[in-house]
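**Q** Encoded as structure tokens, here's the structure I'll be asking about.
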Amino acid sequence: MRFFTATVLGLLAPSLCAATNLTTPNRLDLPSGFKPPQVFKNTNLVRNTNLEKSYVRETINVVVENVDKQPQNDYYIPFSAEVFDRVGAFEVRDKKAPEKGRFDVDYTEAVSSGGNQYFVVHLPEPLAPKSQITLGISYSVLSSLSPLPATIQQADKQYLTYSFSAYTPSAYTTDTQKTKLKFPSTNVPDYTTTDGLKSGSDPERKGATYTYGPYDTAKVAPGTEHPITVRYEFTKPVITVNLLERDLEVSHWGGNLATEERYWLRNNGSQLTNQFSRVDWTYSNYQKAPTSAVRELTYPLLPGSVDPYFIDDIGNVSTSRYRPSVGKSAGNLELKPRYPIFGGWNYSFRIGWNNDLASFLRRAAGVDSDSYVLKVPLIEGPKMAEGIQYERVIVRVVLPEGAHNVRFEVLEGSHSNGLPVAEHIHAQVSSLKTYMDTLGRTTLTLEVDSLTDEARDSKLVVTYDHSMIDALRKPFTIFAGLLTVFVAAWGIGKIDVSIKKR
Amino acid sequence: MAPSSLDVVLKGSSGRNTRGLLRVIILCTIAAAAVSSRLFSVIRFESIIHEFDPWFNFRATKYLVENGFYSFWDWFDDRTWHPLGRVTGGTLYPGLMVTSGVIYHILRLLTIPVDIRNICVLLAPGFSGLTALAMYLLTSEMSDSPSAGLLAAAFMGITPGYISRSVAGSYDNEAIAIFLLVFTFYLWIKAVKNGSIMWGALTALFYGYMVSAWGGYVFITNLIPLHVFVLLCMGRYSTRVYISYTTWYALGTLGSMQIPFVGFLPIRNSDHMSALGVFGLIQLVAFAEFIRGYLPGKQFQKLLTSMVLLTFGLGFGGLVLLSVSGVIAPWSGRFYSLWDTGYAKIHIPIIASVSEHQPTAWPAFFFDLNFLIWLFPAGVFMCFQKLKDEHVFVVIYSVLASYFAGVMVRLMLTLTPIVCVAAALALSCILDNFLVASTPSTETKAKATTEDKSLRSARNPVVGIYSWFSKSVVVASVTLYLLMFVAHCTWVTSNAYSSPSVVLASKLPDGSQFIIDDYREAYYWLRQNTPDNAKIMSWWDYGYQIGGMADRPTLVDNNTWNNTHIATVGKAMSSREEVSYPILRQHDVDYVLVVFGGLLGYSGDDLNKFLWMVRIAEGIWPDEVKERDFFTARGEYRVDEEATPAMKNSLMYKMSYHNYQSLFPAGQAMDRVRGTRLPKESPQLNTLEEAFTSENWIVRLYKVKDLDNLGRDHSNAVAFDKGLKRKRATKRKGPRVLRTE
């Protein structure tokens, strides 16, 4: 477990905490025209591209061999500059030992336009010459699917296209490689067939899985592209959250964990050729026909969640329904937006609920300890079959007034938790004044870009110190305030302001 | 012993303290009851701004809170009355917004994060609690009985006549204005009683606040001079009256002139002339009083007569001259309609089209005031019995307010306070007489028997009102009336006055509540999915709501300051597409919003308001829009097969029924509001296209088509798209010329 010490918040120095940020993403500056040293060779590479959701999820398993004379430990993975910013949840593990955790990864700074950007994977132990390692690389690419045709009729099927290179982009020479595409259905009207890359038909089709390759590419220079475009049916909304703001407010006095989430949502699917027709919508709703519009969002809530609300800028949205949890099962919040969200339409809203704090917070080691451990989901979000992509997520954990020595950690398992490595989560501690605070509440703000709903299950652990004196500050302040008012009133009442002598 | 220990608490100085404490507790309870009875809509629906005007006030408050006071003061709003805009900062009463802004900032200072919307929603209930307290003070000045004030406060707290304008969410000027009205009157009575400059100045201060809050301040401006004038006529001139009136008038007028919207009206408008006149008169009277001390009676008489004639002549002549030359503005239309209820209908249809400007129906008095209305004359009668200066005020107020309440529904609001005062006076008198009055002691009985033996009734004192029987009967019936009053008030508040009207509620067969939220559905769609400066045209009723909820520029709104602009919209709605389209283009309209209740049976829709649009348009363009054309030969207003061509071709008709028929089996389309079967074919729209229709079809939005790419007119383009052959006939007639004006 690695802890990133956020800050030591002095009791009376709230200005200090705003200044100390601890984790800013590491970015390597590269000289222009940089080429990764050709010290590795990919012996075998298999790329799995999953198109079942509204974003692209790729996992690459590659056997890497050191062809240099020295042991090497920096492996470069290139992406074109325009794709690079939309790559999320990038992680690399040792395929043979995934439970050992993910490798450290750095970003490179943009050097020149049109050039490649790199993820630099630091192998935990340098790879000796001639030896091999199998890397499992996984990531998602947001907003890389475009609808074609771009405008459709209301009841039409929606098709998405995805373009990629038959040769997996790599900084090193690859001996053999293949790409497996998994489509949501067997309805794939258009796809590129390659000529002369391999013998036999390419791609090979098997149900909803199409395989390009295997190609023998030992002679092909790294960076060579062979464009492939596929177009497949996806009559589901392409739900994109431009911004999600999530607030978790911890109240020791109330024993309550309040959650509020604000969504700015958009459907990036095909737009409507004509305007919206209520008649057609009523009929298609009646038939429960598949549609490219967002009809409803289902949001599973943790057991014990109470008082949910669903509002937007102009008040309560009366079309929601909450099915509370029974026993240990999750509750379900069924959110129906005010109107169906068709391609190109926006919808912003906020939801919130309360939980009993006891199931998330505990004292660290010992009853008298002033140290607390809070374990909460980093993001939750609706659970939809078609998936949701988040372009930017800002999570604020509002701790009680006077909490200090704040540290956080994201839990990791043996497989991807949908989050980038911890260095790429931008963290900051500040203070927030609300509800008659004097110092302000310690607030931990985490910012992550390019997430998908795979991060739903990730857990955030925050530890902080909070003493009895901190807890008693507010009652004392209110008491002192009221006392001042009464004394002032009494004093003013004693003053004689009459003109004539009594 | 229990009784003696009770005596310690109830008698002597500690008894006074106990009663004082009890009174405070009762008043707090009354205030709490007043607040809580106004929360029906919050509990039943949500914390939401109601109706139409409050949406503007809410939007203005948000602007004030976001941009600060000075930019609010100079606010030019280019998102309403497109393309004219509105000098909003100078054409509103800022009192309401500033009050909520101040509350907001105080709470922020205490770092209590309260949403400005919640302050706005709960402002009216909060102030109604204060009104109850002010009512207690006012009534206590009128009567010696300690119960009168408490009764009046309780009545004011829950009477539907006041609740109708002050439920939670009804964020309108009246929300704070009634408190200010009652409190100003209290201060005025206090000033007249004491002849104190301080109370007079306080009256002026609160009068100034009232001016900043509500146009109804004119009522105070005229009532106080009238009170003074009547006192003068009754020969009750005193330095007390002089001091309080002159202080109030001088400071109050200066204060009121600080509001940009009022400005120089207090010295230039006829509505305010009576205050000025009485101010002059009281100077003359004071002067005459002064002279009287120095002159013999005969000469004084002569001087007085000549002076009165001279001043009257000069004053009247001056007034006529100034009015004719236009320095003094003539009486406003709204004011005329107070005297002649038929005036507005003939001359200003826009005023008549507002339902709250209609004359009051008689049952409304009982509905809004219940048993207070028949206690009211009794209370006024009792004022005549005492007739001190303050009672004269009650009498004048009663007479004036009764008249105005009869003329206009919304003025019921100004009648309510005085009804509460009068009814409380009457009821407290009854209760005091029957509860407190003790049987005359044996000594007085003995006296009475010795003095007048022949009076039989006096021989036995345990008859009449002294008997337990009569006491219990009267007290029981009064209690019953009071209980019924509470029940009535609660029922009326809950059923009649607590609907936000933005959200409609209906009951499902199983008794659960079903919410129809079409307005917000459409407004939110507009807010999220149209360009930020898309212009929306709708009938003016929805202007404020579009501005508040959809946040888009509108052509006309509920601030009906420009009749011509409203008539333009009326003309666009009631004309043929060929006429309407150029109007829409000229005004940059992107979307047109209509409200249609035909599917649901929602009767407040645009087709039912349509005749007002026609009438208002006819007022400006009598040659182009004619109300008669929308009635059939037999004088019926129909929307079915028999509808007149003008009706069927009007934009409003087409937009309401566009594509509606396809919801039904062929020929079965029904309009559930007007209860008629519609024509088989749905009307053909050429220049507009349906952009959005809400779930229950209440709100329909149409996008105005751009000019055709090939230069055809829209009817040809649509016909071509449908694959119809171009009709020869139209060609023979020659191209249709677009009328632009």
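The values are calculated or read from the model by the stated rules, or taken from the named source; none is laboratory data. Since the structure is predicted, the reported quantities are computational estimates derived from the model, not experimental observations. Cβ coordinates were reconstructed from backbone atoms using ideal geometry, including for glycine residues, and neighbour counts include every protein chain displayed. Side chains are part of the model used for accessible areas, which takes the heavy atoms of the whole protein and leaves out ligands, DNA and RNA. Shrake-Rupley method; radii C 1.70, N 1.55, O 1.52, S 1.80 Å.
**Q** Quick one: which of A:LYS206/A:LYS336; B:LYS190/B:LYS298; A:LYS53/A:LYS198; A:LYS35/A:LYS182; A:LYS180/A:LYS336; A:LYS96/A:LYS182 span more than 27 angstrom between C-alpha atoms?
**A** A:LYS206/A:LYS336; B:LYS190/B:LYS298; A:LYS53/A:LYS198; A:LYS35/A:LYS182; A:LYS180/A:LYS336
**Q** Give me the net charge for the shell around A:ASP453: Cβ to Cβ below 12 angstrom, other residues only, Lys and Arg +1, Asp and Glu -1.
**A** For residues surrounding A:ASP453, the net value is 0.
**Q** Taking the mean number of other Cβ atoms within 10 Å as a proxy for protection, how do you rank A:93-101, B:421-429 from highest to lowest?
**A** B:421-429, A:93-101
**Q** A further question follows. Sequence gap at least 6, Cα distance under 8 Å: using those rules, report the relative contact order of segment A:38-231 to the nearest whole percent.
**A** The value is 26 percent.
**Q** Something else: Using Cα-only point scatterers and the Debye equation, what is log10 of I(q)/I(0) for chain B at each q in 0.11 Å⁻¹, rounded to two decimals?
**A** -1.26
**Q** Highest mean first, how do A:298-308, B:121-131, A:370-380 rank when packing is the count of other Cβ atoms within 10 Å averaged over residues?
**A** The most tightly packed comes first, giving B:121-131, A:370-380, A:298-308.
**Q** How big is the Kirkwood radius of segment A:38-231, worked out from every pair of different alpha carbons and given in Å to one decimal?
**A** Hydrodynamic radius (Kirkwood, Cα only) of segment A:38-231 equals 17.9 Å.
**Q** Once you have a ≥ b ≥ c as the square roots of the Cα gyration tensor eigenvalues for segment B:590-637, tell me rounded if a/c is under 1.5, and otherwise prolate or oblate according to whether a/b is larger than b/c.
**A** Verdict is oblate for segment B:590-637.
**Q** To continue, here is another question. Cβ neighbours within 10 Å, averaged per peptide: list B:13-25, B:243-255 in order, most packed at the top.
**A** B:243-255, B:13-25
**Q** Let me ask something additional. Any idea how far the Cα center of segment B:227-243 sits from the one of segment A:124-170, in Å?
**A** Each part reduced to its Cα centre gives a spacing of 92 Å.
**Q** Calculate the mean, over all residues of peptide A:318-325, of how many other protein chain Cβ atoms lie within 10 angstrom of the residue's Cβ.
**A** 2
**Q** For segment B:256-311 and segment A:436-457, what is the separation of their C-alpha centers, rounded to whole Å?
**A** Cα centres, segment B:256-311 to segment A:436-457: 71 Å.
**Q** Now a separate question. Enter the Cα centre distance for the pair segment A:280-349 and segment A:30-70, rounded to the nearest angstrom.
**A** 40
**Q** Within 10 Å of each Cβ in peptide B:517-529, how many partner chain Cβ atoms are there on average? Round it to a whole number, please.
**A** Whole-number average of other-chain Cβ neighbours for B:517-529 is 6.
**Q** Would you mind giving the mean number of other chain beta-carbons within 10 Å of the Cβ of each residue in A:340-349, as a whole number?
**A** Other-chain Cβ atoms within 10 Å of each residue's Cβ, averaged: 2.
**Q** Quick one: work out the % antiparallel among DSSP beta bridges in chain B, nearest 5.
**A** Once the DSSP bridges in chain B are tallied, antiparallel ones form about 75 percent.
**Q** Sticking with this structure for a sec: For the pair A:TYR309/B:SER662, report the inter-label distance in nm, with labels modelled 7 Å from Cα in the Cβ direction.
**A** In this crude spin-label approximation the distance works out to 4.0 nm.
**Q** Hey, what did chain B get for relative contact order, percent, Cα under 8 Å, at least 6 apart?
**A** 12
**Q** Taking 0.36 nm per residue of separation and subtracting the Cα-Cα distance, what length does fully extending A:THR211 through A:GLU423 add?
**A** 72.8 nm
**Q** Okay, moving on. What spacing in nm lies between the two simple spin-label points modelled at B:TYR403 and B:ARG19, each 7 Å away from Cα in the Cβ direction?
**A** Result: 4.0 nm between the two label points.
**Q** Cα gyration tensor of segment B:517-722, axes a ≥ b ≥ c as square roots of the eigenvalues: rounded (a/c below 1.5), prolate (a/b > b/c) or oblate?
**A** rounded
**Q** Considering amide H positions built from the backbone, and no H for Pro or chain starts, which residues 5 or more places from B:ALA505, or on another chain, come under 5 Å of its amide H?
**A** B:ILE516
**Q** I need the shape label for segment B:617-665. Rule: rounded when a/c is under 1.5, else prolate if a/b > b/c, else oblate, with a, b, c from the alpha carbon gyration tensor.
**A** Oblate, because a/c is 1.5 or more while a/b does not exceed b/c.
**Q** Something else: P(r) for the protein assembly as shown: what percent of alpha-carbon pairs falls in each 20 Å bin, starting at zero?
**A** Going out from 0 Å in 20 Å bins, the protein assembly as shown shows 9, 28, 31, 21, 9, 2, 0, 0 percent.
**Q** Helix A:468-494 versus the longest principal axis of chain A: what angle, 0 to 90°, nearest 10, using Cα atoms?
**A** Helix A:468-494 sits roughly 40 degrees off the main axis of chain A.
**Q** For a quick check of understanding: with a 1.4 angstrom probe and all protein chains in place, what accessible area in square angstrom does B:THR490 have, to the nearest ten?
**A** The accessible area comes out at roughly 70 Å².
**Q** If contacts are Cα pairs under 8 angstrom and at least 6 residues apart, what is the relative contact order of segment B:675-725 in percent?
**A** In percent, rounded to a whole number, it is 27.
**Q** Two decimals is fine: what's Rg over Rh for segment A:237-474, C-alpha atoms, Kirkwood radius as Rh?
**A** My calculation puts Rg/Rh at 1.01.
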